[in-house]
Structures are given as structure tokens and as C-alpha cells.
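Written below as C-alpha cells is the structure these notes are about.
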Amino acid sequence: AQVADSVEGAFREQGGETAFEYKYDGARVQIHKLGIKVQIFSRRLKDVTQSLPEIVDLTKTGVDVDAAILEGEVVAVDSVGAPIPFQHLMRRFKRVHKVAREADKIPLKLYLFDVLFVNGRTLISLPYVQRRQILEDSVAGIALTSQIVTADVAEAEAFLGAAMAAGQEGLMAKKLDSGYMPGARGKLWLKIK
């Protein structure tokens with residue numbers, strides 16, 4: 001995603017009604033599920049499955065389809081579920097020994113935001129709004145990114161304020177009819193910090 005200077009700038013770029021989602025201060029992950037086998041990859045496609053056992057377990061119980069490729073954000077949280085600084089998350093991401101002990105110290109929360117594949121069907125060419133609905137229909141018990149769909153600047157600015165007050169980085173603005181473009185930066189998804 002490219003950076004937008006403001007909510008108004010995102011509306012200008014995207015031409016009206018837009019999906020706004022919290023931009024979490026975490027690490028992007030891609031989750032591959034086939035039956036009970038789950039693999040988790042970092043943004044750079046490094047296998048981090050071993051470091052995130054609770055995300056593996058959550059995927060096994062919370063994804064209601066046999067085969068899927070999902071995208072989400074993993075966030076380190078405190079004992080009441082509030083986000084904690086990114087460097088704590090990186091301690092978890094890099095850990096391969098004594099993972100369970102570190103998991104007790106630094107719990108993680110997963111927020112899903114996209115689905116690329118379900119049960120033999122590639123979804124990347126579908127509009128974002130359709131993928132989001134398929135994502136909602138494919139998971140139970142896993143949080144999706146907090147989202148509103150609006151064409152109202154004041155509503156979007158209030159949502160940005162709520163994201164910041166919750167300790168998040170800002171918002172993502174996603175064009176409703178956008179496909180998923182692997183590895184490409186563009187104006188179909190915009191970051192607002």
C-alpha cells in the first residue's frame with residue numbers, strides 16, 4: 001500500500017465509498033491451511049510457523065474451510081489484550097527455542113484482513129468487498145480487522161481517531177472493487193497514519 005496524507009486524500013484517490021480498516025502495529029502474515037496442516041509465513045515469505053503455535057492452533061479451530069490462504073496481522077498484546085510495542089512481537093517472531101515460555105510472557109492476537117484462496121478456488125481477481133465477505137464466511141472465532149465502509153469524511157476521521165485511541169498505527173483505505181495484486185504497491189490500498 002502507498003501512503004495517503006489524509007482521509008480526504010484517500011477518498012480522492014479511491015473515488016468515493018471506501019473500506020477503512022484499523023492498521024495494526026504488528027506483523028503481516030500469510031497463513032496456509034490444508035486440512036489440519038497449517039503453515040505461517042512472514043511478509044517476506046519466511047516460515048514462522050514454529051514461532052507462532054497459538055496462531056497455528058487458532059487457525060485449526062477457527063477456519064471453517066478445508067483449504068485456504070489467508071492474510072492477517074499478528075499483534076503482541078498485554079494481559080488485557082491491549083497492543084504492546086512492535087519490538088515485543090519481533091522477539092516472538094524470531095524465537096525457535098522455548099517458544100511456549102515466551103508465549104506466556106508475550107501473548108499474540110491475530111486479525112485477518114484478506115483471503116486469497118479457498119477450497120481450490122483462487123480469489124485474487126475478485127473485488128475486495130467480495131473477498132472480505134468470503135473471509136467472514138470462512139472463519140469463526142478469529143477476529144477480522146475492525147472495518148467501516150463509508151463515503152463520509154467525518155465518519156472516516158472519527159474511525160481514524162478511534163484506531164489511534166486504541167493504540168493502533170492508523171487506518172488502511174481499500175478500494176472496494178480492487179483485486180489482490182501480489183508484490184505490487186499501488187493506490188488501491190492506502191495507509192493513513
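The values are calculated or read from the model by the stated rules, or taken from the named source; none is laboratory data. None of these values were measured; they are calculated from a predicted model. Here the Cβ is made from the backbone with ideal geometry for all residues, glycine too, and neighbour counts use every protein chain on show. Protein only, heavy atoms only, side chains kept; ligands, DNA and RNA dropped before computing areas. Shrake-Rupley method; radii C 1.70, N 1.55, O 1.52, S 1.80 Å.
Observations on the model:
- Condition check for residue 187: open to solvent by 60 Å² or more (accessible area, probe 1.4 Å), out of contact with any helix residue (DSSP H, G or I) (no Cβ under 6 Å at 6 or more places or on another chain) and modelled with pLDDT under 95: no
- Meets criteria (at pLDDT below 95 and β-branched (Val, Ile, Thr)) for residue 55: no
- Top-ranked residue in the range 24-58 [being of a type in the set (D, E, K, R) and touching a helix residue (DSSP H, G or I) at 6+ places or on another chain (Cβ under 7 Å); ranked as nearest to residue 90 (Cα to Cα)]: 25
- Residue check for residue 129: closer than 15 Å to residue 14 by Cβ, outside any helix (DSSP H, G or I), open to solvent by 30 Å² or more (accessible area, probe 1.4 Å) and modelled with pLDDT of 95 or more: no
- Within the range 67-105, considering residues that are open to solvent by less than 90 Å² (accessible area, probe 1.4 Å), more than 17 Å from the chain's Cα centre (by Cα) and among the acidic types (Asp, Glu), the one nearest to residue 45 (Cα to Cα): 102
- Checking 142, 192, 148 one by one, the residue that is modelled with pLDDT of 95 or more and farther than 24 Å from residue 5 by Cα is 142 and no other.
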